[in-house]
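Structure first, commentary second.
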Amino acid sequence: MLTVENLHCSYGRIEALHGVSIKVDAGEIVTLVGANGAGKTTLLRAISGVQPITSGQILFDGVRIDRVPAHRRVAAGIAQVPEGRQMFAPLSVEDHLKLGAWTRRDADVAADMRRIFELFPMLAERRGSPAGALSGGQQQMLAVGRALMAKPRLILLDEPSLGIAPVLVDRILGVIRKLKDDGLTVLLVEQNARAALAIADRGYVIETGRVTIAGSGKALLADDRVQAAYLGM
């Protein structure tokens, strides 16, 4: 579904990605593992179109999209849940979900909103509340729900467990597994490398803007280098 080939990205004169190549097949969960500043978020932003690339290619369903504006990538089926959630504090939960469906012109928006409330009952209880009044975990659920309202085929999740309670982390990771079971493809950046690799079909380790290790989720969990660097073993 997604192919990234020899991707280079820079912030001014500082190159953040040095020829990164990854692929994501339809129906997979693929996890990106790496230290802070390794380039994981830059890669997601480049795929979604909010970070310009210097060179390389990004293909979605075999079609180059690296020159396509971000809003057209959403319409093509790519949605991102950004790091830090990026809520509009005064807007209600329901308005955030409607905002996620802004590019859609079909008649299924109301049904999909009901589905989000089934996935995240906490949001149903707070549907009229402003997003700024939600807890961090509830905001993360809302950020995921907002992205799902775009009806994506590929969802990019950037640090969904950052700053939220462990019990809610388990709930969100459980939702990610359910989304895969429902046919959604997931590219996941997650600080909890052990939990992320445990649910991943495949993974990539990114260090200083380069892919250094690639393999199945199970293989990376068992890799001595990954254990020493990211799993505290």
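Before moving on, here are some points about what is shown:
- Among residues that are touching a residue at least 40 places away in the same chain (Cβ under 8 Å) and crowded, with 19+ Cβ neighbours inside 10 Å, Val81 is included.
- Segment 1-48, residues that are of a type in the set (Lys, Arg) and either out of contact with any strand residue (DSSP E or B) (no Cβ under 8 Å at 6 or more places or on another chain) or farther than 17 Å from Ala196 by Cβ (or both): Arg13, Lys23, Arg45
- Residue within segment 152-165 that is within 19 Å of Gln80 (Cβ to Cβ), of a type in the set (S, T, N, Q) and part of a helix (DSSP H, G or I) present: no
- In segment 99-122, the residues that are among the β-branched types (Val, Ile, Thr) and either in contact (Cβ under 8 Å) with a residue 60 or more places away in the chain or under 9 Å from Met149 (Cβ atoms) (or both): Val109, Ile116
- Being outside any helix (DSSP H, G or I) and either farther than 29 Å from Ile22 by Cβ or of a type in the set (Asp, Glu) (or both) is true of Ala89.
- Count of segment 55-74 residues which are surrounded by 13 or more Cβ atoms within 10 Å (Cβ to Cβ), over 18 Å from the mean Cα position of the chain (by Cα) and either in a helix (DSSP H, G or I) or of a type in the set (A, V, I, L, M) (or both): 1
- Here Leu168 meets each of (1) under 13 Å from the mean Cα position of the chain (by Cα); (2) outside any loop (DSSP other than H, G, I, E, B); (3) among the aliphatic types (A, V, I, L, M) with one exception, condition (1).
- Unique residue being touching a helix residue (DSSP H, G or I) at 6+ places or on another chain (Cβ under 9 Å), within 22 Å of Ser92 (Cα to Cα) and charged (D, E, K, R) when the list is Arg177, Arg146: Arg146
- Any hit, segment 175-188, residues being at pLDDT 95 or above, in contact with an Asp or Glu (Cβ under 9 Å, 6 or more places away or on another chain), of a type in the set (Val, Ile, Thr) and buried (at least 17 other Cβ atoms within 10 Å of the Cβ): yes
- Scope segment 104-133; condition more than 19 Å from the chain's Cα centre (by Cα), assigned to a loop (DSSP other than H, G, I, E, B) and within 23 Å of Val186 (Cα to Cα); matching residues: Arg104, Asp108
- Condition check for Thr31: closer than 18 Å to Leu188 by Cβ, over 14 Å from the mean Cα position of the chain (by Cα) and at pLDDT 95 or above: no
- Residues of segment 189-214 that are surrounded by fewer than 18 Cβ atoms within 10 Å (Cβ to Cβ) and on the phi > 0 side of the Ramachandran plot: Thr208 alone.
- Restricting attention to segment 203-221, the residues being in contact with an Asp or Glu (Cβ under 9 Å, 6 or more places away or on another chain) and within 20 Å of Thr42 (Cβ to Cβ) number 3.
The values are calculated or read from the model by the stated rules, or taken from the named source; none is laboratory data. Remember, predicted model here, so these are calculated numbers, not experimental data. Backbone-built Cβ (ideal geometry, glycine too); neighbour counts: all protein chains shown.
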